[in-house]
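Asks: After the structure tokens below, expect a handful of questions from me.
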Amino acid sequence: MTSNNAQLRSAVVFKNQGFRSAIVYSSPSAFSKYDMDIPSLLSGLGWSALTEDQRFLHCPEAVCLFYVNLGQGRGAEPKSFTTLVYDHEITITPDLLASVLSLPHRGYQAGFDGEFADLGFDFGSALNELTRDIGRVFPTMLAAGRLPDDLKVLHFFLTRCLLHRDISSTDILHTSDLWIMSNARSRSPISYASLVFPHMISFGNGGYSGPLPFGPLITRYLYRLSIDLRDKVVVCNIHDDLRPNHVLNRLNADEAGSGTTTRLQVCKERLELLEDDEAMPAPDNFDPISPDNSSGDDISDYETPPDYPF
């Protein structure tokens with residue numbers, strides 16, 4: 001059944017207010033020339049499959065309904081939640097997310113702070129082990145700038161791509177960040193699905209006004225449950241590529257090479273919101289699960305970063 005809410009059925013656009021949009025982030029392997037083995041950290045977590053290219057599609061109407069109707073269950077660490085999308089009652093658990101979407105789910109299965117502690121994780125010890133004194137004064141001991149460069153990059157991917165976060169807190173080390181990075185360093189697999197689950201819940205309280213996270217993930221989940229989205233799903237045109245040196249400049253990493261200060265100043269001066277990304281309706285036979293095998297012009301050969309509000 002199609003919703004008759006005119007506000008939900010407004011023009012389909014993407015806004016870049018802090019979550020991943022149609023930007024293609026640099027491949028983790030591209031950081032190897034800076035002596036950063038990011039793929040090894042992701043592989044240690046068992047998350048290598050997350051870096052594979054996927055077709056970027058989104059159904060804003062369905063995603064909005066998903067969060068508006070989300071029920072958080074009981075207790076601080078619910079094991080499941082339900083939501084209603086087009087008269088379909090949908091139950092979500094980490095196990096279901098993993099099985100329906102083939103998300104990494106082996107190793108430690110924890111997503112809430114209490115679950116990390118139950119597995120012996122100590123936040124203070126991890127903070128001391130993973131951060132360092134780089135001769136700069138930070139406004140808080142939880143600033144991500146205190147991480148070594150490889151973990152700065154991993155944290156960038158976590159907060160902008162894998163476990164989306166409001167832009168106001170992307171530079172802060174949360175408990176889940178340290179949990180992930182600690183296990184990445186020790187090459188201990190952990191469940192990505194178990195981490196996605198509480199992140200979804202946190203944005204279901206109705207108090208957030210920005211773009212809702214996990215849009216493509218939720219859209220694929222609904223598609224796999226045979227919910228008809230054919231007249232609502234859109235495919236977004238990918239038109240920018242963020243190169244490794246742009247990420248390193250943004251993070252003020254030591255490995256960015258000569259000229260970093262100048263490029264960093266340029267980047268800071270140009271940090272303005274992108275215009276709405278162009279979107280187009282998906283064809284009737286579009287399969288959102290299959291990889292994007294389309295080829296386009298190489299547009300990444302520029303020396304200054306694209307305008308991106310990270």
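The values are calculated or read from the model by the stated rules, or taken from the named source; none is laboratory data. All of these numbers come straight from a predicted model, not from anything done at the bench. All Cβ positions, even for glycine, are placed from backbone atoms using ideal geometry, and neighbour counts span all protein chains on display. Each accessible area value is taken on the protein alone, full model and side chains, heavy atoms only, with ligands, DNA and RNA left out. Shrake-Rupley method; radii C 1.70, N 1.55, O 1.52, S 1.80 Å.
Asks: On average, how much accessible surface per residue is there in the stretch 52-156, in Å², for a 1.4 Å probe, leaving out ligands, DNA and RNA?
Replies: Values: 5320 Å² over 105 residues.
It amounts to 51 Å² per residue over the stretch 52-156.
Asks: From the backbone phi of the stretch 109-119, what are the Karplus-calculated ³J(HN,Hα) couplings (6.51 cos²θ - 1.76 cosθ + 1.60, θ = phi - 60°) in whole Hz, Gly and Pro given as x?
Replies: Going residue by residue, I get 10, 8, x, 9, 4, x, 6, 5, 5, 4, 8 Hz, with x marking Gly and Pro.
Asks: Using amide H atoms built in the peptide plane, which far-off residues or other-chain residues are under 5 Å from ILE172 H to H?
Replies: The answer is ALA144.
Asks: Now for a separate question. Suppose the chain between SER27 and LYS79 were pulled fully straight at 0.36 nm per residue; how much longer would it get relative to their current alpha carbon spacing?
Replies: 15.4 nm
Asks: At a 10 angstrom cut-off on C-beta neighbours, averaged per residue, how do the peptides 111-122, 150-161, 215-226 rank from highest to lowest?
Replies: Put in order of decreasing packing, that is 150-161, 215-226, 111-122.
Asks: Also: To the nearest 0.05, how large is the calculated FRET efficiency for SER186 and HIS88 if R₀ is 35 Å and r is the Cβ-Cβ distance?
Replies: Once rounded, the FRET efficiency stands at 0.30.
Asks: Sort 177-183, 65-71, 41-47, 99-105 by the packing proxy (mean of other Cβ within 10 Å over each peptide's residues), most packed first.
Replies: Numbers: 177-183: 22.9, 65-71: 18.9, 41-47: 21.1, 99-105: 17.1.
The peptides rank, most packed first, as 177-183, 41-47, 65-71, 99-105.
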